[in-house]
Amino acid sequence: MASRLWASRAASYLRISAFNRGFASVVKDFKYADSHEWVKVEGNTAVVGITDHAQDHLGDVVYVELPEVGAAVTQGGSFGAVESVKATSDINSPVSGKVVEVNEELNNSPGLVNASPYETGWIIKVEMSDNGELKSLMDSDHYSKFCEEEDASH
């Protein structure tokens, strides 16, 4: 049992360290906004976080400003902020709707945004008011190209 646990820890460590090879990872089935947030759709709920690319550019996250549960969010509108050692950046909602859950873990462990941007580092869950908005977001391939172009222009 212990060796299996070690193996899965080693695998997750390797997965995380593999991110730092100059290209950011993306998750196939997620949708992406050009402001570097991702959306995972679960029925009528959208789980929202910031991308690996965004956390990589921000550096070590030291604080995440979360909205209240019940707050209304609008596609493209700011709902919170991520503060890192380098800068403070607004987090924009890729969808419109109502915040139904916030990731309270981030209050104690804001670094989850760096270590696991697509899993334990999620930020909010939104009950979507218009699923049609998802059509305006990028798929993983489009987002990867967008990041490459953005990096090349800086």
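Computed from the coordinates by the stated procedures, all read-outs in this text should not be read as laboratory data. This is a predicted model, so every value here is computed, not measured. Cβ placement follows ideal geometry from the backbone for every residue including glycine, while neighbour counts extend to all protein chains displayed.
General observations
- The range 41-144: GluC sites (Glu not before Pro) in DSSP loop, at most 16 other beta carbons within 10 Å: 68, 104, 119
- In straight-distance terms, cross-link reach from residue 31 covers every one of the lysines whose alpha-carbon lies under 23 Å from its own, apart from those fewer than eight places away in the same chain; here that gives 40, 98, 125, 135, 145.
- Net length gained if the chain between residue 71 and residue 35 were fully extended (0.36 nm per residue, minus Cα distance): 10.9 nm
- Calculated FRET value between residue 130 and residue 85, using beta carbons and R₀ = 35 Å, to 0.05: 0.45
- Applying both filters, DSSP loop and at most 15 other Cβ atoms within 10 Å, to the trypsin sites (Lys or Arg not before Pro) of the range 27-129 gives 28, 86.
- The alpha-carbon of residue 86 sits under 20 angstrom from the alpha-carbon of none of the lysines, leaving out residues fewer than 8 places away in its chain.
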